Amino acid sequence: MGLVDTLSLSYEELACYTNNFCESNYLGHFQFGKFYRGKIECAERTQYVLMKIWEVSKIYIYKRGDNELRLMDEVILPRHERVTNHPGMAKLYGYCFEGDHLGVVYDFKPFVSLFNLIPEAGFTWLQRIKVALEFASLLKFLHAVKCSSYKPFIVRNLDCTHLVLDEDYIPKLCDFGLITGGIFPDRTIYTGHHVLGSYGYIDCSTIFSGVFSDKQDVYAFGTIFLSLISKSVYTEEDRQNSAPCRVVWAWESFYADDDSETEVKKPKFSLVHQSLVAESDYDPADGHKITMLAMECTDNDVSVRPTMKQVVRSLLKLKVVKKNADFFGVNKVLRSCENGGFLTNYNSFQN
């Protein structure tokens, strides 16, 4: 199966790339470790990279050998020819497997973790919708069945901390620790993957069924989308204090809006943060549509949830996207998920 070449790196090299993992290069955490910015000094140029270091988790179930299994998955998927061409997939530069030191190096210049950026005032409405559209196109690409010998990829542990943005606000998926389908075996018999997902993003309506579905990723996308529009994320402090996750908060807000429980009687219901509503690029016609799309993605009734293909279609219909098609790079987005096939040119979509 066509794999792109990658490098075996020493832990000493990882330390060199990150200035001994200094605090100024610390980018943020992920489910099972930490991200760092790094740079590789070459004679011709400086290459900027993202460093990912696994650690023994203190809040998730951990068994000896788990991180080694995750490293194996990570060395295979980001350099497999079936996924390397999508702009939302981080490209693997090298890996480290040296005793207890486990890490991978991704070949792109990281800007910021989505988890850290979401609450920031400088993260504009246009940038948030661009992240949502780019991320949705990636999931649509992964969920599409490319040939009869492969099942759709299902990521299963999508999380704001697992998305790192480059300087163009393109979200890169940087963790594949629970992925199933595609080139991977049936995870129901893969004993190393006993973690159910990330706290705050777990789809409780399907997770205990033992059946993996792309609708679990749709649920997690909806959760991340709610965070993007509400400028809030689910933190470890929230978990310790048993605070409601974004989905619970959203549905409680929906039912508390008035005595009605139906969308049709709530045409103005929106969870978009007021500071985003005040931005000049915000269109009032989008707020309700975006909110209800996120709600549909997180509905307890799995049959109500859209596919990621439908999500991308809905995002492309937003007024903010139509008015700023060049900013969003819409035709590029369409090409990046074209293997899932539904559009080749945005002009045909606007009619």
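Classify the range 94-155: rounded, prolate or oblate, from the alpha-carbon gyration tensor (a ≥ b ≥ c, eigenvalue square roots; a/c under 1.5 rounded; otherwise prolate if a/b is larger than b/c)? Don't skip to the end; give the middle numbers.
Numbers: a/c = 2.98, a/b = 1.10, b/c = 2.70.
Verdict is oblate for the range 94-155.
Between LEU27 and residues 5 or more places away or on another chain, which pairs have amide H atoms under 5 Å apart, with H built 1.01 Å from N, and which residues are they?
PHE35, TYR36, ARG37
Once phi is turned into ³J(HN,Hα) by the Karplus curve 6.51 cos²θ - 1.76 cosθ + 1.60 with θ = phi - 60°, what whole-Hz value does each residue of the range 279-293 show in order, with x for glycine and proline?
6, 5, 7, 6, 10, x, 5, 8, x, 5, 4, 5, 4, 5, 5
For the pair THR46 and LYS323, what calculated FRET efficiency results from E = 1/(1 + (r/R0)^6), where r is the Cβ-Cβ distance and R0 = 41 Å, to the nearest 0.05? Don't skip to the answer; put the middle values down first.
On the way: r = 38 Å, r/R0 = 0.92.
The formula returns an efficiency of 0.65 here.
Rounded, prolate or oblate for the range 8-101? Axes are the square roots of the Cα gyration tensor eigenvalues, ordered a ≥ b ≥ c, and the cut-off for rounded is a/c under 1.5.
Working: a/c = 1.69, a/b = 1.18, b/c = 1.44.
Oblate is the answer for the range 8-101, as a/c is 1.5 or above yet b/c matches or exceeds a/b.
In whole Hz, with x marking every Gly and Pro, tabulate ³J(HN,Hα) for the range 39-52 from phi via Karplus 6.51 cos²θ - 1.76 cosθ + 1.60, θ = phi - 60°.
For the range 39-52, the Karplus curve yields 9, 10, 7, 10, 4, 8, 7, 9, 9, 8, 9, 10, 9, 10 Hz.
Please list, or write none, the aspartates and glutamates whose alpha carbon is within less than 13 Å of the alpha carbon of LYS231, excluding same-chain residues fewer than 8 places away.
Qualifying aspartates and glutamates at Cα under 13 Å: GLU120.
List the residues whose amide H sits under 5 Å from the amide H of TYR48, counting only those 5 or more places along or on another chain, with H placed 1.01 Å from N in the peptide plane.
ILE40
Taking a cut-off of 22 Å between Cα atoms, list the lysines near LYS52, but don't count ones fewer than 8 places away on the same chain.
LYS34, LYS39, LYS63, LYS91, LYS109, LYS172
Name the residues whose placed amide hydrogens come within less than 5 Å of the amide hydrogen of GLY94, ignoring near sequence neighbours (fewer than 5 apart) on the same chain.
Sorted by chain and number, the residues that satisfy this are LEU7, VAL105.
What is the ratio of the Cα radius of gyration of the range 76-188 to 2.2 N^0.38 Å, where N is its residue count, to two decimals? If you can, show how the numbers build up before the last one.
Numbers: Rg = 14.9 Å, N = 113, 2.2 N^0.38 = 13.3 Å.
Ratio of Cα Rg to 2.2 N^0.38 Å: 1.12.
No value in this document is a laboratory result; all are computed from the given coordinates. Just so you know, these numbers come straight off a predicted model, no measurement behind them. FYI the Cβ positions are ideal-geometry reconstructions off the backbone, even for glycines, and counts take in every protein chain you see.
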